Structures are given as C-alpha cells and as structure tokens.
Amino acid sequence: DLERNDLGRICRPGSIAVDDLMVLESYTHVHHIVSSVSGKLKKGISPGDIIRAVFPGGTITGCPKVRCMEIIAELEQEARDAYTGSVGYLCYNGDMDLNILIRTITHKNNFYSFRAGAGIVADSDPAKELCETRSKAKGLKKIFE
C-alpha cells in the first residue's frame, strides 16, 4: 500500500497495478518477499519527481513515511551514510534504474564498512530481529574473514 501511495502522486489515476505480490526470492543467507508495483506516469513528471516520490523506499522507512523517518533520525546515533540510500543511473532520455543500498560495502579513508538491519514493528521480537540482522550481514561478513 505504501508504494502504491507513493506512485499515486506521480501516476495517472487507475493506472497503478501490483504486478507481483509477495513472491519469495531466496539467496545464500536470506529470503526476501518481493512485490512489484507499476503505473503510468502523469504528463509532465520528471525523473526528479519520480525519485522524490519513491525514495526513500517504504520498505526502509515504514509507514507513515515522514514520521517514521523522524523517529529513525531521533533514535539512531549516527548517519547511515550510503546504507539504505540509492545508487543508479539516469540517462539523458529520462530512462533510469535505481536501487536501495542494503547489501553494500563502502570504503572511506582506508576503512571498509557495511550495515545490516531488520524491519521493526510494534510486535517485533528483539531476539528474532537480531537473528535476522545477523543473517543479512553473514554474506558480507564472509568477505572479511
């Protein structure tokens, strides 16, 4: 619903569709539930409008997006840097492809780092969230062993 809401600001009414709903994708150390949502852009929407509408992603912030971002800023002791940001390309013709940086190693001042996290909701079990976070970090951690 959050992504449909974000797209609703930039897409034609009635054009938003859920193409894939909760498809399980399995990787070496984690499993992800993935959904795909699409829509037809309103006239006059720029690539910048699209980026502003959908980033940061709702899977990162939670809902309601703005208030969740405020709470994250209040609770986290330092900036996330690249983690949960985005990287991609934007072409002159308006084509673009962007992602959310979640399994990413950064290098700065001869120091390598990565982050991992889990989605926290009202009924989260801290022990299970810690286990999930460690599983997500496992693949990147192996690089440094």
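For segment 1-104, list the strands (runs of 3 or more DSSP E) that sit wholly inside it and hold at least 1 residues that are out of contact with any Gly (no Cβ under 8 Å at 6 or more places or on another chain); which are they?
17-26, 31-38, 88-90
What do you reckon, is LEU90 in contact (Cβ under 8 Å) with a residue 12 or more places away in the chain and out of contact with any Leu (no Cβ under 9 Å at 6 or more places or on another chain)?
Judged against the criteria, LEU90 is not a match.
LYS65 passes all but one of (1) more than 11 Å from ASP6 (Cα to Cα); (2) surrounded by 12 or more Cβ atoms within 10 Å (Cβ to Cβ); (3) among the basic types (Lys, Arg); which number fails?
(1)
Within segment 105-135, count every residue that is outside any loop (DSSP other than H, G, I, E, B) and either modelled with pLDDT under 90 or surrounded by 13 or more Cβ atoms within 10 Å (Cβ to Cβ) (or both).
Of the residues in segment 105-135, 7 are outside any loop (DSSP other than H, G, I, E, B) and either modelled with pLDDT under 90 or surrounded by 13 or more Cβ atoms within 10 Å (Cβ to Cβ) (or both).
Scan segment 76-83 and tell me whether some residue there is surrounded by 10 or more Cβ atoms within 10 Å (Cβ to Cβ) and among the polar types (S, T, N, Q).
For segment 76-83, residues surrounded by 10 or more Cβ atoms within 10 Å (Cβ to Cβ) and among the polar types (S, T, N, Q): absent.
Any chance you could count how many residues in segment 2-18 are within 18 Å of the chain's Cα centre (by Cα) and either surrounded by fewer than 10 Cβ atoms within 10 Å (Cβ to Cβ) or under 29 Å from LYS138 (Cβ atoms) (or both)?
Of the residues in segment 2-18, 2 are within 18 Å of the chain's Cα centre (by Cα) and either surrounded by fewer than 10 Cβ atoms within 10 Å (Cβ to Cβ) or under 29 Å from LYS138 (Cβ atoms) (or both).
Among the listed residues THR61, THR133, which satisfies the condition of being in contact with a Cys (Cβ under 7 Å, 6 or more places away or on another chain) and without any contact (Cβ under 8 Å) to a residue 24 or more places away in the chain?
THR61
The values are calculated or read from the model by the stated rules, or taken from the named source; none is laboratory data. Everything numeric here is computed off the predicted structure, so don't read it as measured data. All Cβ positions, glycine included, derive from the backbone under ideal geometry; neighbour counts span all protein chains shown.
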